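The structure under discussion appears below in the form of structure tokens.
The values are calculated or read from the model by the stated rules, or taken from the named source; none is laboratory data. Please read all numbers here as calculations on a predicted model, not as lab measurements. Here the Cβ positions follow ideal geometry from the backbone for every residue, glycine too, while neighbour counts run over all protein chains shown.
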Amino acid sequence: MTSPNEKTSILVVDDVPDTVEVLQRNLSAAGYTVLTAPGVPEAIRIAESTPVDLVITDWRMPKVSGIDLVRHVRENLRDTEVIMITGYPSIAGAVEAVKTGAEEYLPKPFTDEELLAVVRRAIEKLRMRRFGHAAALQTTARPYGLIGDSKPMLEVFKAISKAASTFATVLITGESGTGKELVARAIHYSSQRSAAAFVPVNCGGIPEGLLESELFGYVKGAFTGAEESRAGFFQTADGGTIFLDEVSETSLSMQVKLLRVLQDREVYMVGAKRGRQVDVRVLASTNKSLPDLVKKGLFREDLYFRLNVITIELPPLRGRGDDILLLAHHFVKKYASESGKPAPRFSNEAMHVLKQGYHWPGNVRELENIIHRLIVMTDGDCVEVPDLPAPLRFSAARELDLTRPLMEVEAEYIRNVLASVGGNRTKAAELLQIDRKTLREKLKKTES
């Protein structure tokens, strides 16, 4: 099996051959491509001729120190991470290393697990930064405003293509804010009906007493105030597509009328004695479970079957991985352009919060609103974690997933504590109130 780390290149710099040998052996065993150098001048020559993702350098070396190498990498190799290791650890030394540009500071002696954990964190930071830069330059956009490269969205794009090639009724499901109307538009404008009208109807936003006349129209004199006949949404969409957004909000009596339209392709205007034929494709959406509503007697089963010929389920934003960053950069460019401001970039930490630190109950719509606010309120050229709204900043207090095994929760907590002290096991053990041996045993379990 090909290792996921196989394309990641690491340059190990140390004047002690035994240290270099140990690091090379352990990193190679983990699947990384490893280059070595006995000192800073040799390391610089290698880095200038060979792409390097990560530099692991000792601090104290003859002639030129590791701090000078960190500085050189930061000034000349913007797409490379640095880890500083040293046998003379101190708080002042750690501060200097980080200020100079080292992403991680690892004091000797360290275990294989500590080394690999620090390397994984550094590589993940590099990946996030590279992804952020790439997304800022070019957002992967599909037609009609749909954006995403995640596996769930690729399945959605496939389903849209298949639905567009037929005239079948489509039911689009998903949480609020996931983009159900965008999918409906994509189906319509990719179909043979694209030259005709696309008519969206918010079924939950029209009062029940008006919904029938809005959908089907009315004839002159049908009710007080009906001074002339007026066509409804179905007649307006004749030859095209009508999109019944949140169809689950309709009453049972209205569902009977919708069922008749789907069965007979005929609408009865309010006050009319005869029906009118319409050639309309129906797309519908809901953020609720229609089968559950059917069981409760709140939605007609026959209408559900009529609507559910093709189903497209939109994933929540929290399940779309890197799509969150793609969408964020898309909205940044959009609202920065509208505001006449340069588009800010996101720090690694801010991108991490966007992608992994928040549940996104409002999905894409919520993300768009947050980005719009950031563009208006942020003056700097970089969005940092303190710039984010409070719900995102304090995402550590997110809802607990009570379905997770205790061992998994404990392992995550230990990793977080280790990360907070820069991988220092002694400090981590003190915070956890356990000895180093117990900590080592627990970490072995998390790696297994």
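Residue-wise test of (1) more than 16 Å from L252 (Cα to Cα); (2) in contact with a Lys or Arg (Cβ under 9 Å, 6 or more places away or on another chain); (3) surrounded by fewer than 19 Cβ atoms within 10 Å (Cβ to Cβ); (4) modelled with pLDDT under 95.
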| residue | (1), (2), (3), (4) |
| --- | --- |
| K273 | yes, no, yes, yes |
| V282 | yes, yes, no, no |
| F299 | no, yes, no, no |
| F305 | no, no, yes, no |
| I312 | yes, yes, no, no |
| R318 | yes, no, yes, yes |
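Considering the range 102-157, and only residues there that are acidic (D, E) and closer than 22 Å to I67 by Cα, the residue that is modelled with the highest pLDDT turns out to be E114. Within the range 335-346, the set of residues being at pLDDT below 90 and within 18 Å of E366 (Cα to Cα) comprises F346 only. Hey, among the residues in the range 207-242 that are in a strand (DSSP E or B) and either touching a Lys or Arg at 6+ places or on another chain (Cβ under 8 Å) or not assigned by TED's automatic domain parsing to the domain that holds K296 (or both), which one's nearest to A164 (Cα to Cα)? Applying the filter and picking the extreme gives T241. A397 passes every criterion in (1) surrounded by fewer than 12 Cβ atoms within 10 Å (Cβ to Cβ); (2) more than 24 Å from H359 (Cβ to Cβ); (3) modelled with pLDDT under 80 apart from (2). Of all residues in the range 186-206, those being in a loop (DSSP other than H, G, I, E, B), among the hydroxyl-bearing types (S, T, Y) and either free of Cβ contacts under 8 Å to residues at least 40 places away in the same chain or in contact with a Pro (Cβ under 9 Å, 6 or more places away or on another chain) (or both) number 2. The set of residues in the range 5-43 being of a type in the set (G, A, S), more than 16 Å from V70 (Cβ to Cβ) and part of a strand (DSSP E or B) consists of S9 alone. Residue-level check: of (1) modelled with pLDDT under 85; (2) buried (at least 18 other Cβ atoms within 10 Å of the Cβ); (3) of a type in the set (G, A, S), A43 misses just (1).
With the structure loaded, tell me whether I83 is at pLDDT 60 or above and in a helix (DSSP H, G or I) or whether it fails that test. Taking the combined requirement at face value, the residue does not satisfy it. For the range 339-359, filtering for residues that are without any contact (Cβ under 8 Å) to a residue 12 or more places away in the chain and either part of a helix (DSSP H, G or I) or β-branched (V, I, T) (or both) leaves 1.
Residue pairs whose Cβ atoms lie under 6 Å apart, sitting 6 or more positions apart in sequence or on different chains, and linking a residue in the range 215-229 that is on the phi > 0 side of the Ramachandran plot to a partner that is in a loop (DSSP other than H, G, I, E, B) and surrounded by 11 or more Cβ atoms within 10 Å (Cβ to Cβ), are G217/G232; G217/M269. Looking across the range 157-185, just one residue is closer than 17 Å to N363 by Cβ, out of contact with any strand residue (DSSP E or B) (no Cβ under 8 Å at 6 or more places or on another chain) and part of a helix (DSSP H, G or I), and that is L182. Only one of the numbered conditions (1) modelled with pLDDT of 95 or more; (2) surrounded by fewer than 17 Cβ atoms within 10 Å (Cβ to Cβ) is violated by I242, and that is (2). Within the range 246-291, being free of Cβ contacts under 8 Å to residues at least 40 places away in the same chain, in a helix (DSSP H, G or I) and among the small types (G, A, S) holds for one residue alone: S253. Contact annotation: residue pairs with Cβ atoms under 9 Å, 6 or more positions apart or on different chains, pairing a residue in the range 303-326 that is part of a loop (DSSP other than H, G, I, E, B) with a partner that is among the aromatic types (F, W, Y) and surrounded by 20 or more Cβ atoms within 10 Å (Cβ to Cβ), are P316/W360. When residues in the range 281-304 are screened for being touching a strand residue (DSSP E or B) at 6+ places or on another chain (Cβ under 7 Å) and either over 25 Å from A237 (Cα atoms) or hydrophobic (A, V, I, L, M, F, W, C) (or both), 3 of them pass.
Restricting attention to the range 46-57, the residues being surrounded by 21 or more Cβ atoms within 10 Å (Cβ to Cβ) and assigned to a helix (DSSP H, G or I) number 1.
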